[in-house]
Amino acid sequence: MQSQLPQTANFLRQVELNRKLEGEYPLALFERLGEALLSNEGNVTAKLEFGHSVGFPCLKGKVSATLLVECQRCLKPMETQVEGSFKFALLHSEDEFELLPDELEPLLIEGDDQSIIDLVEDELLLSLPMVMTHNEACSSFMTEQEKEIKAEKEAAHPFAALKALKDDLDNKVN
Ligand SMILES: [Zn+2]
């Protein structure tokens, strides 16, 4: 069992310590994400690394989770695996934003402690697929008619038919 991670931290202090954190957060902590889910049981796996990148204090992170969502086609529950990563430069003022290389996203540091939960949650929300449906056709949802149409399409060989037509035309021209 992996250790549970802190929900907040003084990011710049963690940078000084070159702190690396790896562990889990209970899904129930993420209320905004929870609104898109059928269940908030389970965990989010996170790997966080405080350090420096091209002269900026930064926070790199990787997050992943298996989420239970509603299939948008058959409305039955389905699991979806999401993962994301981020690389933030920790900045004190917006004036520094324009100095950043493309690979770093700006994160404005305010107050003593910052929320890790918010960052992880934002990343998970961004990682949610736009369309959430079962990979395979939802068997109970697909009607017999739909199955037939699909089978017919697969049985037909449009390219073979085109080639036959073309050969036929060529013969006529010659
Ligand atoms: Zn489905």
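The values are calculated or read from the model by the stated rules, or taken from the named source; none is laboratory data. Keep in mind the model is a prediction, meaning the values are calculated, not measured. Positions of Cβ are backbone-derived with ideal geometry, glycine not excepted, and every protein chain shown enters the neighbour counts.
Laid out as a table, the results:
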{"item": "Count - residues of segment 1-59 that are among the hydroxyl-bearing types (Ser, Thr, Tyr) and touching a His at 6+ places or on another chain (Cβ under 8 Å)", "result": "0"}
{"item": "Listing of strands (runs of 3 or more DSSP E) fully contained in segment 17-98 that carry 1 or more residues being within 16 Å of the ligand (Cβ to nearest atom), without any contact (Cβ under 8 Å) to a residue 60 or more places away in the chain and touching a Cys at 6+ places or on another chain (Cβ under 9 Å)", "result": "77-91"}
{"item": "Glu83, sole failed condition from (1) out of contact with any helix residue (DSSP H, G or I) (no Cβ under 7 Å at 6 or more places or on another chain); (2) within 25 Å of Gln14 (Cβ to Cβ)", "result": "(1)"}
{"item": "Options Lys153, Lys76, Lys147; residue that is modelled with pLDDT of 90 or more and either surrounded by fewer than 14 Cβ atoms within 10 Å (Cβ to Cβ) or closer than 30 Å to Gly42 by Cα (or both)", "result": "Lys76"}
{"item": "Residue count for segment 101-114, restricted to those that are in contact (Cβ under 8 Å) with a residue 12 or more places away in the chain and surrounded by fewer than 15 Cβ atoms within 10 Å (Cβ to Cβ)", "result": "6"}
{"item": "Glu123 assigned by TED's automatic domain parsing to the domain that holds Glu35, acidic (Asp, Glu), outside any loop (DSSP other than H, G, I, E, B) and surrounded by fewer than 18 Cβ atoms within 10 Å (Cβ to Cβ)", "result": "no"}
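Residue-by-condition table, conditions (1) modelled with pLDDT of 95 or more; (2) not aliphatic (A, V, I, L, M):
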{"position": "Ser3", "(1), (2)": "no, yes"}
{"position": "Gln14", "(1), (2)": "yes, yes"}
{"position": "Leu17", "(1), (2)": "yes, no"}
{"position": "Ser39", "(1), (2)": "yes, yes"}
{"position": "Lys47", "(1), (2)": "yes, yes"}
{"position": "Val63", "(1), (2)": "yes, no"}
